[in-house]
Amino acid sequence: MLVVLVLAQAVLAGNFLGGQYDALGLHAIGARATTITSAIQIVILVWVWRTGGPRAAVPAGVVQTLLLVAEFAAGELRMAAVHVPLGVLLTVGIVQLTTMIWRTPLPPRVGNSRATVTP
């Protein structure tokens, strides 16, 4: 979900920079949704780590959320020289973190009768 939100943010920013000034309001709403979703993601990343997932995802998620807060502030303060490059870096980082989690193999189910059959 976070990847979809951040990609939508890029589209809305492009629309605004291209002259569709109504997109800025949606971009601001998207910024709130992205930041809140990233904060919630930390809890999910802790759960993933505790079930055998990559430990590095938790600090990466925390740093990502802190950078999103800085990104939000830079946008509100109209600091485009910080806001735009940080947004690009965050988009790349969010996609990389999502890829890391999706590549993590699922732990085996306990009590699955179909998991292994020995003759």
request  = For the chain, state the average projected area of the convex hull of the C-alpha atoms over all orientations, rounded to one decimal in nm².
outcome  = 9.1 nm²
Degrees separating the helix 80-102 axis from the principal Cα axis of the chain, which is the longest one = 10 degrees
ask   = Top mean-square fluctuation among Q20, Q41, Q96, Gaussian network model of the chain, C-alpha springs under 10 Å?
value = Q20
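Values in this text are rule-based calculations from the coordinates and carry no lab data. Note that this is a predicted model, so its numbers are computed, not measured.
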